[in-house]
Amino acid sequence: MELRKGKTSKYLLYDTAVENVFINEYLKSAPGDFVKVYLLGLMHAELGLCVENEGLARDLDLAVEDVMKAWSYWDEKGVVRKLPADPADPLHYDVEFLPLREGIFGGGRRRKKSGAEALQNGLLTDESLRKLYADVERITGRVLGGKEPAEILRWMQDYGQPPELIAYAYAYCKEKRGKDSASYVGAVLRGWAEEGLKSLKQLEDYLEETD
């Protein structure tokens with residue numbers, strides 16, 4: 001005898017199980033929008049539905065960049081794992097929701113990575129990072145503060161952009177667009193990454209044709 005449980009075709013009639021570990025350890029300290037992304041993504045994952053970051057952003061009334069920040073945040077915390085289909089394309093990836101109870105009680109919990117540690121991996125030294133921050137301060141005429149240094153590191157991680165291209169983006173945005181805020185520069189860098197621009201030579205050739 002085969003036992004079956006009927007399924008409703010309306011996904012809003014299902015329940016989404018959230019581990020108490022998430023509520024107890026991560027909920028209080030996480031930014032509210034990041035929690036929204038996690039919960040909506042978890043609902044889709046449990047229902048076996050595919051969704052792109054653009055779809056999550058639209059449903060949550062957020063910018064796509066904020067959705068991507070959320071996945072990077074949860075990946076760094078060890079709550080999810082970003083799984084790029086192509087290592088050369090860091091903007092497109094699957095997201096695996098990790099079993100938090102197993103991580104704590106089964107001894108498999110991942111060590112939290114600092115942004116700098118996750119990004120360096122032999123690609124960025126302390127000296128080159130200091131130089132990048134100094135270049136950005138010289139270009140913008142202001143001292144970096146708040147979350148902007150961490151944002152710069154995240155761009156390098158998520159978009160695969162080298163330090164010289166980050167500095168070029170600040171100069172380009174300030175000189176050509178009259179803007180140098182982190183949110184604006186980050187949006188420009190994301191656009192360049194989507195075009196596959198990963199070096200100054202590629203970027204200069206691209207801008208010569210299009211700008």
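The values are calculated or read from the model by the stated rules, or taken from the named source; none is laboratory data. Everything numeric here is computed off the predicted structure, so don't read it as measured data. Note that each Cβ is placed from the backbone with ideal geometry, even for glycine, and that neighbours are counted across all protein chains shown. Ligands, DNA and RNA are excluded from the accessible area calculation, which covers all protein heavy atoms including side chains. Shrake-Rupley method; radii C 1.70, N 1.55, O 1.52, S 1.80 Å.
Checking ALA171, ALA150 one by one, the residue that is small (Gly, Ala, Ser) and within 21 Å of the chain's Cα centre (by Cα) is ALA150 and no other.
Number of residues in the stretch 41-63 that are open to solvent by less than 30 Å² (accessible area, probe 1.4 Å) and either in contact (Cβ under 8 Å) with a residue 40 or more places away in the chain or farther than 16 Å from GLY186 by Cβ (or both): the value is 5.
For beta carbons closer than 9 Å, sequence separation of 6+ or different chains, a first residue in the stretch 18-39 that is within 19 Å of ASP66 (Cα to Cα) and a second that is part of a helix (DSSP H, G or I) and among the β-branched types (Val, Ile, Thr), the qualifying pairs are TYR26/VAL35; LEU27/VAL35; ASP33/VAL67; VAL37/VAL67. I need the full set of residues from the stretch 152-180 which are out of contact with any Lys or Arg (no Cβ under 8 Å at 6 or more places or on another chain), open to solvent by less than 50 Å² (accessible area, probe 1.4 Å) and farther than 24 Å from ASP86 by Cα, in order please. Scanning the stretch 152-180 gives ALA167, ALA169, TYR170, ALA171, TYR172. Among the residues of the stretch 115-151, the ones that are hydroxyl-bearing (Ser, Thr, Tyr) and either surrounded by 18 or more Cβ atoms within 10 Å (Cβ to Cβ) or at pLDDT 80 or above (or both) come to 2 in all.
Residue-by-condition table, conditions (1) out of contact with any Lys or Arg (no Cβ under 9 Å at 6 or more places or on another chain); (2) more than 19 Å from MET156 (Cα to Cα); (3) assigned to a strand (DSSP E or B):
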residue	(1), (2), (3)
LEU42	yes, yes, no
VAL51	yes, yes, no
ALA57	yes, yes, no
ALA70	no, no, no
GLU76	no, no, no
ASP89	yes, no, no
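Per this entry, LEU189 is not counted among residues that are over 30 Å from VAL18 (Cβ atoms) and modelled with pLDDT under 85. Number of residues in the stretch 156-167 that are within 13 Å of LEU129 (Cβ to Cβ) and either over 15 Å from the mean Cα position of the chain (by Cα) or among the aromatic types (Phe, Trp, Tyr) (or both) equals 5.
Modelled with pLDDT of 85 or more, open to solvent by 80 Å² or more (accessible area, probe 1.4 Å) and either under 26 Å from VAL188 (Cα atoms) or polar (S, T, N, Q) (or both): does that describe ASP66? No; evaluated as a whole, the condition is false for this residue.
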